[in-house]
Amino acid sequence: MTGTDAAAAARDLFHRMTGHEPDGSWSAPGRVNLIGEHTDYNEGYVLPFAIPHRTHVALGGRADGRIRVVSTFDEVPVEVPLDALDALFPDARDEVPEWSRYPLGVAWALLHAAGRAADAVTGVDIAIASDVPVGAGLSSSAAIESATAYALNDTWALELEPVALARSGRKAENEAVGAPTGIMDQMASVLGREDAAIFLDCRTLDTDVVDLGFTANDLELLVIDTRVSHAHSTGGYRERRASCERGAQLMGVPALRDVQLTDLPAAEARMDDVTFRRVRHIVTENQRVLDTVRTLREQGPRAIGDLLTASHASMRDDFEISTPELDTAVDTALAAGALGARMTGGGFGGAAIALVEDGLRDAVADAVRTAFTAAGHTAPHIFTVRAGSGARRD
């Protein structure tokens, strides 16, 4: 489904649910994380950018104080009273389908963020369609949250700023859905800029725009969706976060952001091997983010390839979140001439990215497809992305 198709699908779904046209439509992008994986919930650094693939929300008001959501993921509407959201989240979230917890959770989080009572806002109907690949590590969830947040912020005249909307998206994902993620995805989705990445300090939420310069340097970023679906609400992600929290506690610091490279020998002496390797990934990944930002500004994008590849090795060996499919994608892309490659997203499936010369795009993609076939993997979905704009009313 293309972006145009997804926008039309959301409006059509709304019309079929309600019998009339929506009051408006909003959209928000997925994201690719150039570098900085699992550092966000450790209060560290990340460097994501928004992509052209977007989730579209068609919304219309209703007079009965209820919220009804429907999606192309599941065309059976889910409807609850707005004043029942506090009872639903987080304790009774299993009473509604998982997909619906994203938009319903955003409504709940926004009301809390704005200090509004449920009876102070209008009821709404919401229809959702997306062309962000689900389960590919491109943050389809944050795209849903951000599009819904922008739609409700406008409709309810909440006047919340973008960072507050991102915080509400994270609250929805953490508490309404039950996925222990950081705030990187939501910030990238609301703050995205054309041809630029967002350098985010996840402790302070300070941001800086970093020009990527891929086009000017005849480079493209390939996304290799392995079609191995992952879910942040499952155990592997939660276990990695618990290991990081344990490591910070053993080091006597608030978060692993406060552990430096020079502290790693002391960390190794205090921890079991697994906890230490989890900590080492976070500490070295934070440094790789800082080095990537500096390298982009001082030398340009052609010089960042080794940093991307080192990031993948750390996720594969220390954080242990890669898969055979992701390793095949990265190793084959590098052998075919990519300047750098790494898995992107939370891991346990999803996508890899490869930075390639314009003229090598097709050769790298063909090599990856051939390698997947030889290994008996499902055929990957391979496409290029550019940095795009953030959430908006369309």
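For the range 1-44, give me the residue count where each residue is modelled with pLDDT of 95 or more, part of a helix (DSSP H, G or I), farther than 21 Å from Leu191 by Cβ and not aliphatic (A, V, I, L, M). Within the range 1-44, residues that are modelled with pLDDT of 95 or more, part of a helix (DSSP H, G or I), farther than 21 Å from Leu191 by Cβ and not aliphatic (A, V, I, L, M) number 6.
Residues that are of a type in the set (Gly, Ala, Ser) and open to solvent by 10 Å² or more (accessible area, probe 1.4 Å) within the range 101-114 comprise Ala113, Ala114, listed in sequence order.
The set of residues in the range 57-100 being assigned to a helix (DSSP H, G or I) and surrounded by fewer than 17 Cβ atoms within 10 Å (Cβ to Cβ) consists of Asp83, Asp86, Ala87, Asp94, Glu95, Glu98.
Asp201: open to solvent by 10 Å² or more (accessible area, probe 1.4 Å), of a type outside the set (Ser, Thr, Tyr), farther than 18 Å from His53 by Cβ and without any contact (Cβ under 8 Å) to a residue 60 or more places away in the chain, yes or no? Give the steps one after another, and end with the answer.
Details: open to solvent by 10 Å² or more (accessible area, probe 1.4 Å): yes; of a type outside the set (Ser, Thr, Tyr): yes; farther than 18 Å from His53 by Cβ: yes; without any contact (Cβ under 8 Å) to a residue 60 or more places away in the chain: no.
Spelling it out, it is not the case that Asp201 is open to solvent by 10 Å² or more (accessible area, probe 1.4 Å), of a type outside the set (Ser, Thr, Tyr), farther than 18 Å from His53 by Cβ and without any contact (Cβ under 8 Å) to a residue 60 or more places away in the chain.
Within the range 208-234, being surrounded by fewer than 22 Cβ atoms within 10 Å (Cβ to Cβ), of a type in the set (Val, Ile, Thr) and either under 28 Å from Phe89 (Cβ atoms) or touching a residue at least 40 places away in the same chain (Cβ under 8 Å) (or both) holds for Val210, Thr215, Val228, Thr234. Just a yes or no: is a residue in the range 179-192 modelled with pLDDT of 95 or more and open to solvent by 50 Å² or more (accessible area, probe 1.4 Å)? Checking the range 179-192: not a single residue is modelled with pLDDT of 95 or more and open to solvent by 50 Å² or more (accessible area, probe 1.4 Å).
Residues in the range 333-358 that are in contact (Cβ under 8 Å) with a residue 40 or more places away in the chain and open to solvent by 30 Å² or more (accessible area, probe 1.4 Å): 4 in all.
Would you kindly identify the strands (runs of 3 or more DSSP E) lying entirely within the range 300-394 that contain at least 2 residues that are within 23 Å of Thr39 (Cα to Cα)?
The qualifying strands (runs of 3 or more DSSP E) are 340-344, 351-357.
For the range 273-289, the count of residues that are in contact with a strand residue (DSSP E or B) (Cβ under 6 Å, 6 or more places away or on another chain), assigned to a helix (DSSP H, G or I), open to solvent by less than 20 Å² (accessible area, probe 1.4 Å) and over 28 Å from Asp358 (Cα atoms) is at least one.
Each row is one residue, and each column tells you yes or no for (1) free of Cβ contacts under 8 Å to residues at least 40 places away in the same chain; (2) more than 26 Å from Thr204 (Cβ to Cβ); (3) not in a loop (DSSP other than H, G, I, E, B).
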| residue | (1), (2), (3) |
| --- | --- |
| Val132 | no, yes, no |
| Gly135 | no, yes, no |
| Ala143 | no, no, yes |
| Tyr150 | no, no, yes |
| Asn153 | no, no, yes |
| Ser168 | no, no, yes |
| Lys171 | no, no, yes |
| Gly182 | no, no, no |
| Ala188 | no, no, yes |
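In the set Thr370, Thr295, Thr378, only one residue is modelled with pLDDT of 95 or more and open to solvent by less than 50 Å² (accessible area, probe 1.4 Å); that residue is Thr295. Across the range 6-37, the number of residues qualifying as farther than 27 Å from Val69 by Cβ and either small (Gly, Ala, Ser) or open to solvent by 10 Å² or more (accessible area, probe 1.4 Å) (or both) comes to 1. Can you tell me which residue within the range 152-170, out of those that are open to solvent by 10 Å² or more (accessible area, probe 1.4 Å) and under 14 Å from the mean Cα position of the chain (by Cα), is farthest from Phe89 (Cα to Cα)? Taking the candidates together, the pick is Arg167. Here Phe383 fulfils each of the conditions (1) within 16 Å of Leu222 (Cβ to Cβ); (2) among the hydrophobic types (A, V, I, L, M, F, W, C); (3) crowded, with 19+ Cβ neighbours inside 10 Å; (4) under 21 Å from the mean Cα position of the chain (by Cα) apart from (3).
The values are calculated or read from the model by the stated rules, or taken from the named source; none is laboratory data. Values in this document were obtained by computation on a predicted structure and should not be read as measured data. Glycine gets a Cβ as well: all are built from the backbone with ideal geometry, and neighbour counts include every protein chain shown. SASA here: full protein model, heavy atoms, side chains in, ligands and nucleic acids out. Shrake-Rupley method; radii C 1.70, N 1.55, O 1.52, S 1.80 Å.
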